[in-house]
1. Go ahead and set up a Gaussian network model of the chain, Cα springs under 10 Å, then flag whichever of LEU200, LEU128, LEU229 fluctuates most.
2. Please give the length that would be gained between VAL296 and THR19 if that part of the chain were fully extended, namely 0.36 nm times their separation in residues minus their C-alpha to C-alpha distance (nm, one decimal).
3. Set the Förster radius R0 to 25 Å, insert the Cβ-Cβ distance between PHE268 and SER132 as r into 1/(1 + (r/R0)^6), and round the FRET efficiency to 0.05.
4. Any idea how far apart GLN72 and TYR223 come out in nm if each label point goes 7 Å out from Cα toward Cβ?
5. Taking a spot 7 Å from the Cα of VAL311 along the direction of its beta carbon, which residues of segment 44-75 have an amide N less than 16 Å from it?
6. Once you sort the root eigenvalues of the Cα gyration tensor of segment 4-334 as a ≥ b ≥ c, which label holds: rounded (a/c under 1.5), prolate (a/b larger than b/c) or oblate (the other case)?
7. Work out how much length ALA105 to TYR31 would gain on full extension: take 0.36 nm times their residue separation and subtract the Cα-Cα distance, in nm to one decimal.
8. If we count other beta carbons within 10 Å of each Cβ, what is the order of MET319, MET191, MET50, fewest first?
Amino acid sequence: MPKLRVVSANLEWMNRWFTPDPQPPTWRQPYQSEGEWLDPQEAAGRAARMLQAIDGDVIAIQEGPSRPAELQLFLEDHLPGYQPFLSASGGQQKLGVLVREGLGAAVAAPEPIFSSPWSAAILGGPILAPYSFTRPPFVVDVTVAGRTLKIIALHLKSNFINNGQHLWNTNREEYVVEALKDRRRISTEAMRVRRYLDTLVTADPQAKCLVLGDLNDGPGRDYFEENYLSHNVTDILLGSGYEPELNFTHAQHDVAKDDRYTAVFDDFVEGVKNARLLLDHILVSPGLATGTVRKVPKSGSIHHAEWASQVQGNGERRMDRPSDHRPVSVQITQGQG
């Protein structure tokens, strides 16, 4: 088979491009949003041209629209040639997967472990309480060269706190309490996914699986992970050193360290302007290291050039950028068994 490019792209509030849910699904006319002018068609066109330049065969989308008809409208008007899948859960920021037409059979594959609540102590005390994913992971199976390529799209709980910078400066204790609550939510969601991955790879060590998405967490330990939680969320997903045969690898480690970021935000906690953060990830199962369907060595990418080519001016306005995240990708090919 030819090389396949599998992409993950957070497309920054696609749902705001379309009419509110009570209305028939169509494009919104240009409008004022949060103090700025937004032309939905302009923003959608920039996102589509970025994705066309990347030329992905399978594209996992975060912050997708709330209705399947809206995702279909985006494809018809801006990005034809893909079969769309959209999660039934996730509210106004749903997960989606686009599969190139003619690539192979593709089907959404719901996993009960992602739809059922579990017990977690997100408040940090001794009491366990039922918890559910903010946005349940979305699984799509794609048949490639006679093997199932399992795509698991993720968008873990956000650590955004409303009016956070003011709160950090004026009532730091309250901010820390809220931040740790969010971090515990992200951590328990990651642990739930990891439990599923352990089961999957234990049952089939050659499972061809890619975990893609916005994990709202980067490499290393941020302020809260270093000082309070003492662990990194992405490390949970990659696996335990006690069972290396189950461990996933990180595709974006192929990228030069200075380019290993997907978003740029001011970090008022650490006091860093324009902090470069790796929030978007692709994790590769051990079964994709060998076998008839495998990862192309050193093919993990972050698409800075394709993103930058669709930014007008400084990209401060939403309609002047394709997203506030750079997409990431990895290539898969047929090798020798």
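1. LEU128
2. 95.6 nm
3. 0.25
4. In this crude label model, GLN72 to TYR223 measures out at 4.6 nm.
5. Correct set: 46-47, 50-51.
6. Rounded, because the longest to shortest axis ratio a/c is under 1.5.
7. 22.7 nm
8. MET191, MET319, MET50
Rule-based calculations on the coordinates, nothing more; no lab input. Only a predicted model underlies this, so the values are computations on that prediction, with no experimental measurement involved. Methodologically, a virtual Cβ is constructed for each residue, glycine included, from the backbone with ideal geometry; neighbour enumeration extends over all protein chains shown.
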